[in-house]
Amino acid sequence: MIYRKFWECGLRVFGIYGADKNGACACGWEHCPPVSLMKHPRISNWQHTPHWSEEQIDAMADSDQFATGYGVLCNGLIVVDVDARNGGVDSFAKLVEAIPEISGAGLIVETGSGGGSRHLYFRAPEGVALVSHHADYPGCDFKSSGYVIGPGSIHATGKKYTWHGTPDDIDEAPAALVDLLRKPERHRAEYEGRVVDVSHKDLAEMLAHIDPDCDYETWIRCGMAMHEASDGTAFEAWDAWSQNGTKYPSKGQGPDSHWHSFGRSANPVTIGTLIYYAEQGGWKMPVEFTPDETASFPEYEEVQQRADGLPFDISGVDLKAPPGFTGELARWIEGQSRRPRENLAVAAALSGLGNIAGLRYTDDKDGVTCNTFMFCVAGSRTGKEAVQQAQAEIHRAAGIAPATHGAIKSEQEITRNLVRHQAAFYIVDEIGIFLQKIKNAQAKGGAAYLDGVIGMLMSAYSKADGFMLLTGDMKEDIRAILFKEAAQIQKRMDENTPQHGDENRLLAVTHAMDNLDKGLERPFLSLIGYTTPVTFDELVDFNSATNGFIGRALIFNERDTAPRSKRRFRKADMSDKMQNALAQIYMAGEYDMSAAARVEYYGKRRKVPTADDALDMLDAALEWFEDQAVSHKGQTGLEALWLGAYELVSKVSLVLAVPSGLRTSEHVRWAYALIKRDVEDKMRLVVANDRQKDAPKLALAARIANIIAVGKGETGETVGVIYNRLRSHRRPDVDKTLAQMVEKGLVSKKDVSAKNGHKTTLYSLNG
C-alpha cells in the first residue's frame, strides 16, 4: 500500500473516517460538517502525529484505519493543491509559465473530484516560513502545514485518488517557488478605503485586547480576519492567543483545521472586523499603521456636502453590485441566467442570504431580523426561472432546503409549514397572478379565504422575534401532530433503531409542545415572488402600498423586456468556497449540519456589531425618512411608505453585514440607496394607478417615469418601448407628456447610434 511508502520515507500518515450507511461521516459526531466527508481524521490530535513504529502502522492497517483513506501531514513538504472548482486550473497554468519546473513534480496525485484538481508534492526547505496562498494564483493552495488526502484514498464521489510517481521521487521544491511563497515581514491590507501595512506584531497586539474566551463566532471571525490580513501567515499569532483561553481547543475542530478552511472561504472577514473587536477592548490605532506618504487622510480632506438634502452622499452607489459576499453571491446567481438579470440576482442574493442568516443573527442597534418580502418584476421568458433555481441551490448548499416552498396554498398550510420547521422560505413563481386573484375576489366580496392567507403571511412575518398566537383548533391539531411524531421517535430509540438526528428532533418536538400555548416561537417567514409588469404594476395602489404587504416588500424591476442572450453562455458551478461560506453562515460556526436536522434555532441570536460611523448614518437615515413621512402626510397621504423605510434599511444592511461580522458605513449607504429607490418606485406606481381618473396627465407622467427610471450603467428606453408599455394610452398623449417632462428637466433624452447604424433616442428619468 502506498501509505506505507510515505511512512518509509519518514513522512507521517493517519487514518481517515469513511462514510456510514446513511452517507454521513462515520465518525458519529453529529456536528461533523458535510465538507469533512471522507476527509475527517480518525485521531483528534492529528497535527501532532508521530512517526509510527512498524508495529503501530501494522496494527492500524489490521484494524482497517487506512481502508477508506489516509492523510499525509505536510510538515517538511510543499504540496501544491490545485482546486479546479475555484479557478485553480487556470492559475496552475499561469504558475507553470512562471516556474516551469513545477510541472515536473516527482509525485502528482489526481484527486477524486476530477476536472484537473491535483496535488503536486515537493520537499520544503528547513527553517523557511512560507505562505499558504498567493493572490496571483487563486484556486491554488501551497500547503506546508496541515494535511492532504493521500493517493489511493476514496473521494466522497466514490472515485479514488490516483497517482504518478512515488514518495521516493519527491524532489526539493524549486527555488523560484520557495521565493514566491516566502513570508513577507509586513502585509498590505485595505481598511476603510485606504491601504495599510501590518506586521504579525501589529496583529498580535490587536488580539491582545480581545478576550480569548470570547464566544465561538467571535473567535472564528478573529481567525478569519488574521488570515485575510496576513495572507495566511499569522497562524502562530492566532494560535498563541487562542491558547490563553479556557476553551482551547474546540472538539474535533482544532485551530489548524480552521486556519486551513479560512483560505477556502468565499466571504473573507477583513481586518476592519479585527480592528473593531480590538478597539472595543481598548486598542488604539498607531500613527505608523499607515504604509507611506501616499496614504490618504480623510480627516484632512474636504467633506462632501449632502446632495439634494440627503442624509449622506450616495453618488456612485451601484445597486446592481451589493458590497462584500452578497455581491459575490449576486454575481454567481446572475451567471446562472442566459440573459442579463442583474436586479433579480441582487434580490435573490439578499433574500437567500437573509434566509440563511435569519434564525441566528440580529443587529446591535434595532434588533431587526433578516426576513424580507420581495417582488421581482421582469418580462416573460427573460430568465426569472434561472434566478429562482439559483436561489434554491443556495438554500440547498446552506442546508435549509427542507424549509423552502414553491407555492402558497392556504392559511393552514402556512401554519403547518412553520410547525414542521421553525422557518418557511417561499420562492413563488407568478406571484402576480396570485395577488390578482385576491384583488378580484375582494372586488366581488368573496376574498375571505384569500384574505386569511395574506393575514397569516403578515402575522408570521412580524413575529420573527416573538410568538405567533394560534386558534384553539389549530393548537390541538398541532399538538396531535407533535405528540405522534414524539411517540414515533421514542419508539425508535427504545428499540435501539434511531435515525440520524432523532435525539435533537425529540428535544425540538418536546420544546414545541411545552410552548404551544404561547404560540409558535420565533417563526421566520420570508417570501420572494416573481411576476411580470403586466400582472404586477397595477396592483400597487394606495391601499396595498400603505396597508398591504406590498408596502412592506422590496420591488426589483428588470426594465429590459427583451434582453440579449450572453455569448457562449455556460452556467458556472458553485465553488466549494461559496458552499462552505453559506454553510458556515447558517450554522454560525456550530457545524450542526445533520441531514435530518429540522431547520430551527431557539438559542440567543448573535448580534452583529455596528461601526460608529455606520451608527451615525443609520440615525441620519431614520431622521431623513421621518422628515419625508411628515412632508407626505399633508401632500400624498403615503407617509406609511416612508415610516416603514428605515426598518428595511436596517434589515438590508444587517444582511450585508452578516458575512463579515461588522456593519459598516458601506453597508448602510448601499441599503439606504436601495430603499430610497424602492419607495420612489412605489410612489410612482401608486400615482399611476390611483390618479388615472382625477388626474390622468399626472398618472401618465408617473407611468412614463416608472418605465424610464434607470440605475447605474443603464441608458434609458426608446420611445418604441414606451409606446409598447403604454398601449392603453394614445400615442399623441404619450408624446406630449414626454415632451413636457423633457422641457421641465424631469427627463433627459440622448441620441445614440443603434447597431444597425440608424440613430435612435433614449429617454431616462433624471434624479
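Here, each number is a calculation from the coordinates, and none is a lab measurement. Just so it is clear, the structure is predicted and the values come from calculations on it, not from any experiment. Because the Cβ atoms are built from the backbone with ideal geometry, glycine has one as well, and the counts that use them run over all protein chains shown.
Brief remarks on what is shown
- Spin-label pair D517/N547, simplified geometry with 7 Å Cα→Cβ offset, distance in nm: 3.6
- Normalised convex hull volume, the stretch 70-126, alpha-carbon set, Å³ per residue: 91
- Helical segments meeting 27 Å axial Cα length and Kyte-Doolittle -0.5 threshold in the chain (DSSP H): 612-633, 665-690
- The stretch 94-202: trypsin sites (Lys or Arg not before Pro) falling in loop per DSSP and having at most 16 other Cβ within 10 Å: K159
- The stretch 2-181 - percent relative contact order, Cα under 8 Å, separation 6 or more: 25
- Segment D751..K571, full-extension length gain: 61.3 nm, with 0.36 nm per residue of separation and the alpha-carbon distance subtracted.
- Value at 222 nm in deg cm²/dmol, rounded to 500, when DSSP H runs of n ≥ 4 in the chain each add -39,500 (n - 2.57): -13000 deg cm²/dmol
- Net length gained if the chain between N22 and H758 were fully extended (0.36 nm per residue, minus Cα distance): 258.6 nm
- Extension gain (nm, one decimal) between C9 and R396, 0.36 nm per residue minus Cα-Cα: 135.0 nm
- FRET efficiency estimate (nearest 0.05) - Cβ-Cβ, Q490 to L310, R0 56 angstrom: 0.40
- Around N766: net Lys/Arg minus Asp/Glu count, Cβ-Cβ under 11 Å: +2
- Estimated from the Cβ-Cβ distance and a Förster radius of 25 angstrom, the FRET efficiency linking E190 and N766 is about 0.15.
- In loop segments of the stretch 51-147 as defined by DSSP, the GluC sites (Glu not before Pro) with at most 12 further C-beta atoms inside 10 Å of their C-beta are E126.
- Estimated distance in nm for a label pair at E626 and Q412, the labels positioned 7 Å out from Cα along Cα-to-Cβ: 4.5
- Every pair of different Cα atoms in the stretch 2-181 enters the Kirkwood calculation, which places the hydrodynamic radius at 16.8 Å.
- Dimensions in Å of the stretch 567-666 - Rg and Dmax from alpha carbons: 19.4, 55
- The ranking of T246, T497 from fewest to most other beta carbons within 10 Å of each one's beta carbon is T246, T497.
- Relative contact order (percent, whole number), the chain, Cα cutoff 8 Å, 6+ residue spacing: 13
- As a proxy for reagent exposure, ranking V72, V752, V196 by other Cβ atoms within 10 Å from fewest up yields V752, V196, V72.
- Under the Debye formula (equal points on every Cα, no solvent term), log10 I(q)/I(0) of the chain at q = 0.09, 0.11 Å⁻¹: -0.95, -1.31
- Residues whose amide H falls under 5 Å from that of R663, counting only those 5 or more places apart or on a different chain, are T610, A611, with hydrogens built in the peptide plane.
- For the cross-link pairs K439/K744; K384/K651; K320/K749; K384/K744, the ones whose C-alpha atoms lie over 29 Å apart are K439/K744; K384/K744.
- Extending 7 Å from the Cα toward the beta-carbon at both K94 and T68 defines two label points whose distance is 3.7 nm.
- FRET efficiency estimate (nearest 0.05) - Cβ-Cβ, E680 to V719, R0 25 angstrom: 0.65
- The alpha carbons of the stretch 696-765 give a radius of gyration and a Dmax of 11.9, 37 Å, in that order.
- Percent of Cα pairs exceeding the 15 Å cut-off, where the set is the stretch 475-570: 76
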